[in-house]
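One structure is given below, encoded as structure tokens.
The values are calculated or read from the model by the stated rules, or taken from the named source; none is laboratory data. Because the structure is a prediction, the values reported are computed rather than measured. Cβ atoms come from the backbone with ideal geometry, glycine included; neighbour counts cover every protein chain shown. Accessible surface areas use protein heavy atoms only, side chains included; no ligands, DNA or RNA. Shrake-Rupley method; radii C 1.70, N 1.55, O 1.52, S 1.80 Å.
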Amino acid sequence: MTTANQSAVERYRNNFLKEVEANVEEGHMVKMCMQCGVCAGSCPLGNAWEHSPQKIFMMIRAGKRDEVLGSDSMFMCTSCYNCIVRCPRQLPITHIMHGLANYAHRLNLAPKGQPTRDFATLFWNNAIKKGRVNELTLTLGHYFTNGLVSGIKMALSMQSIGLGLFLAKRLNPMEIFGGHGVKDLKGFHAIVAKAKEIEDRKKGFSA
Amino acid sequence: MADNKFAAYICSGCGIGDAMKVPQLEAIAKKEGKMAIVKSHPFLCNAEGVQTIKDDIANEAVTHVCIAACSRRAKTEAFQFDGVAMSRANLREGVLWVVATGKEHDEVRQEMAADYVRMGCAEVKKMTQPAGNVKESSSKRILVVGGGMSGMTAAMEIAATGYEAVLVEKTGALGGMTAQLWKRQPFKEPYAAAQETGVAEMAAKIAANPKIKLHLNSTIAETSGAPGRFVIQVAQESGTVTEETVGAIVQATGFTTYDMAKLPELGGGQPNVVDQAGLEKLALQANGGAIKRADGKEVKSVVFVQCAGQRDKLKEDGGTHLSYCSGHCCGTSIKQATYFKDQNPDIDTVIVYDDLRVPGMGEDFYRSAQEKGVIFTKGKASKVTGGDSCKVSFKDLILDEENTIAADLVVLATGQVPNAGVDLEAWNPVVTAADGGDAAAKTARDEMKTISILNLNYRQGPDMPQFKHGFADSHFICFPYETRRTGIYAAGPVRRPMDILQATDDATGAALKAIQAVENASVGRAAHPRSGDLSFPTARLEGCTQCKRCTVECPFGAIDEDERRFPKFNEERCRRCGTCMGACPVRVISFENYSVDTVGSQVKAIEIPEEDEEKPRILVLACENDAYPALDMAGLARLNYSAFVRIIPVRCLGSVNTIWITDAMNSGYDGVMMMGCKKGDDYQCHFVKGSELAHYRMSKIGDTLTQLGLEPERVVTQEVAITDNQRVVTLINDYVAELEKLGPSPMKGFG
């Protein structure tokens, strides 16, 4: 990953806007922002972010690569689409935010320990294993992200819900041993590998 | 007077006949109004009613008509009788619609109607129908001063309508500032890319147009006369002088760019820091190729600094540069950034702006530049250093931090400074001192005169008055093309900051205004806002004391002094506001149909009830431009105001002669209220200064009232806008209540 980052820095030197245009989903629309601030004002979680979309777009144009790719703002987006609906310049802001998050993650510049990023990673890895989400291992994996003690505490606090789910036959304890997968697991893995190859090529991550 | 025959016609339509006793009104017109013929009609404005009046004019030799029906602003087409003097008593909007309904109000309603009939009869007896003053030799040619985009457009529009234009240009070629541009901002669909200026084509068309006479390398040595008979001395650079006679003038003298040397903190004067005009020069040199700096290096990165030396604080608040926005510079910088991007998309172009203002279709152009990759950064530049690698320090207003960008070239977007000639406010004291024999003032006067554009020989000074920030005069809020020099119209950036597209529109408007002016002047008609008025002021010079108030106070510079120092009216410059009439302390100035007598006789015509009747009488002098329509609209909306007021429309509050006030107080009125337009910097007075003068004059009337033993509160002056139809009602009712508290005027019964 570091190599990908280095080569990106090399290729675009100080033109971060061009880098975003080439590598980020809908990145070519960043230059069309007219800095009206409607997105920032429309975001229901706006005050929980370090940088509003308006600021992120300004930072991209000002070439602030490290600050943008290290920002946790893109991970805070809940995809409510308020900004897209309201943007007078019709920028697909939500898509750009997710595109930036994805790009920062792939370059491994996204903030470490960012809960949304961690959970998304956990979810992806879980889903990819058997082609379907194993709810038991996903939940347990999530509980134990922050270590054994806090994991046990969390599991115990949730035990009545777990029991209820079990009695209602919504939770099978046997799933802990790997669980069941999709019918053609081999085929599924092949599909995912091919998709990754295509995306890597498109976004310049293939060797 | 022997030949005059007076007639009154009372309409009982629109419900007037139901609410008022029309026979009594007829009797009043006959007995008190001394009308030879008095008739009433149930529908006076219909064909039959109008025919009645026409028949009387034809068969009974009626010369003066008083129509007691609706407001003078209604049914003007029906009640139009050529060659006959006419007054209108406002029984509908002025009485029927504003006095509360119901039997208990019948008495005051009838009294009000009766007074209006008395006033209408009294007024018409003092009126003469103006005959007009046709000028056979009036010139219909139009002088255009300045051969830039505005001037060329004005000349071409004038010629296109069939009039002759005389175009005077100071330099040796047409085109002005536009000719110095590589391209202009887009003015045609899809507004996406800079376009050719088209100056060469326009200049060729002008040269080939037989209706346009062109003077290059020429200035105006002198302008004398008035609309319809301006005599212009056109001085060639070579020294020869040509005389041109024209009917009106369009001044399109444009602007100069704000001097960059005044902006040392933004790098003004340092190498590789240019203003927008400087960049156009580089673009013209590049001729479509790579733009190079003065030192020959190809520009690879460029930063535009918007609002350089503009939108500063006002001078009085400590600002040192232009305090206004020049309007075109954002669009111009966008255009110039695309010069680079169109030639080479890899050139870094950054525009540092505070507020991006792209009027008209500029928003499309802005987007197209964004698509081409021009970077827009919201920030405020604090420091620019020139040199091989220029540095622009600015505060990023989005990220709230200081930042610096390096660039090969920095372009400062400086503003427009109007070429409006001599500032009359500075000029007048210097001339007064010079006339008093001060040698230094004489030198200063001659020095000031060198920048004059029109060199008018008016006593008010050699150029148009200047508006805020030194722009040429304009009735900015209501009638932007109008100036205080009748027949002289300002067009383009000399009037207010603007871009080429706006300037061409502006020039077209001013050209049409000038055409109206020459047509009006040729038949002795007034120009805006009393368009079509044939009356003009005359002075009984044997009574004149040569006090010069009329010459000084005329907002339009219409009055000169003759060799015996008496006022000399230039009828064609006159706008018929009557400010001179209001100013005259000996009341020798009058119009045929509007004079101290026409209003004074109305003031005296009404019946003042005895003190014990507890019916106060309040005189309202309402400006006919805004206040009177507002009062009419109050009637239309059926809003009720006190039936104790008697309203007389006046041409402008400036025409109010203080004798009307003293007469009213002496006759036993309880109060006088004047309603005029907004005064001050953002005036709405149609005659610019009238309202202000009235306020000033009334501020001096307090002493007179005290001498008469009256409270100064009995005379008030109010500012009213045309939209104030609800407010006028409150103003009147509050004032009536206040006067009732004050008690009846002690002058009652002496009148």
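Just a few scattered comments:
- For the stretch B:538-590: Kirkwood Rh in Å [reciprocal of mean 1/r, alpha carbons]: 10.8
- Å³ per residue enclosed by the Cα convex hull of the stretch A:1-134: 115
- Largest first and in whole Å, the equivalent-ellipsoid semi-axes of chain B read 57, 29, 25, each the square root of five times a Cα gyration tensor eigenvalue.
- For the stretch A:115-199, the alpha-carbon radius of gyration amounts to 1.26 times the rule-of-thumb value 2.2 N^0.38 Å expected for a compact globular protein.
- Taking the Cα centre of chain B as reference, the dipole from Cβ charges on Lys and Arg (+1) and Asp and Glu (-1) amounts to some 980 debye.
- Accessible surface of the stretch A:49-158, 1.4 Å probe: 60 percent of it comes from carbon and sulfur atoms.
- Separation between Cα centres of the stretch B:529-544 and the stretch B:65-113, rounded to whole Å: 27
- Our note on the geometry: Cα centres of the stretch A:74-124 and the stretch B:160-236, 58 Å apart.
- Global form of the stretch B:368-416, assessed from the alpha-carbon gyration tensor, a/c cut-off 1.5: rounded
- Normalised contact order of chain B, rounded percent, pairs of Cα under 8 Å and 6 or more residues apart: 12
- Exposure check, 1.4 Å probe, all protein chains in place: A:LEU163 carries approximately 100 Å² of accessible surface.
- Above-threshold pairs, the threshold being 22 Å between Cα atoms, out of A:LYS31/B:LYS183; B:LYS615/B:LYS741; A:LYS31/B:LYS281; B:LYS615/B:LYS748; B:LYS183/B:LYS292; A:LYS64/A:LYS112: A:LYS31/B:LYS183; A:LYS31/B:LYS281
- Shown for the stretch B:1-130 is the translational diffusion coefficient from the Stokes-Einstein equation, using the Kirkwood radius over Cα pairs, a temperature of 20 °C and a viscosity of 1.002 mPa s: 148 µm²/s.
- Stokes-Einstein, applied to the Kirkwood radius of the stretch B:298-418 over Cα pairs at a viscosity of 1.002 mPa s and 20 °C, places its translational diffusion at 145 µm² s⁻¹.
- Delta accessible area of at least 30 Å² on complex formation, residues of the stretch B:374-398, 1.4 Å probe, chain isolated as reference: B:ILE375, B:PHE376, B:ILE398
- Compactness of the stretch B:391-454, expressed as Rg and Dmax over alpha-carbon positions, Å: 22.6, 63
- Within chain B, the whole DSSP H helices whose Cα atoms reach 27 Å or more along their own axis and whose mean Kyte-Doolittle score is at least 0.0 are B:500-522.
- Protein accessible area in the stretch B:608-751, 1.4 Å probe - carbon and sulfur %: 50
- With every protein chain in place and a 1.4 angstrom probe, the accessible-area ranking of B:ARG484, B:ARG565, largest first, reads B:ARG565, B:ARG484.
- At the residue level, A:LYS196 shows approximately 120 square angstrom of accessible surface with a 1.4 angstrom probe and all protein chains present.
- Protection proxy ranking of A:17-25, B:553-561 - average other beta-carbon atoms within 10 Å, highest first: B:553-561, A:17-25
- For peptide A:57-64, the mean count of partner chain Cβ atoms within 10 Å of a residue's Cβ comes to 4.
- Rg/Rh for the stretch B:432-552 (Cα atoms only, Rh after Kirkwood) is 1.04.
- With all protein chains modelled, accessible area of B:THR320 [1.4 Å, Å²]: 100
- Rh by Kirkwood over Cα pairs, then Stokes-Einstein D for the protein assembly as shown at 0.890 mPa s and 25 °C, µm²/s: 71
- Cβ crowding within 10 Å averaged over residues, with B:523-533, B:59-69, A:165-175 ranked highest first: B:59-69, B:523-533, A:165-175
- Convex hull volume per residue for the stretch B:608-751, taking Cα atoms only, in Å³: 94
- Of interest is the spacing of the C-alpha centroids, which for the stretch B:339-412 and the stretch B:265-335 amounts to 11 Å.
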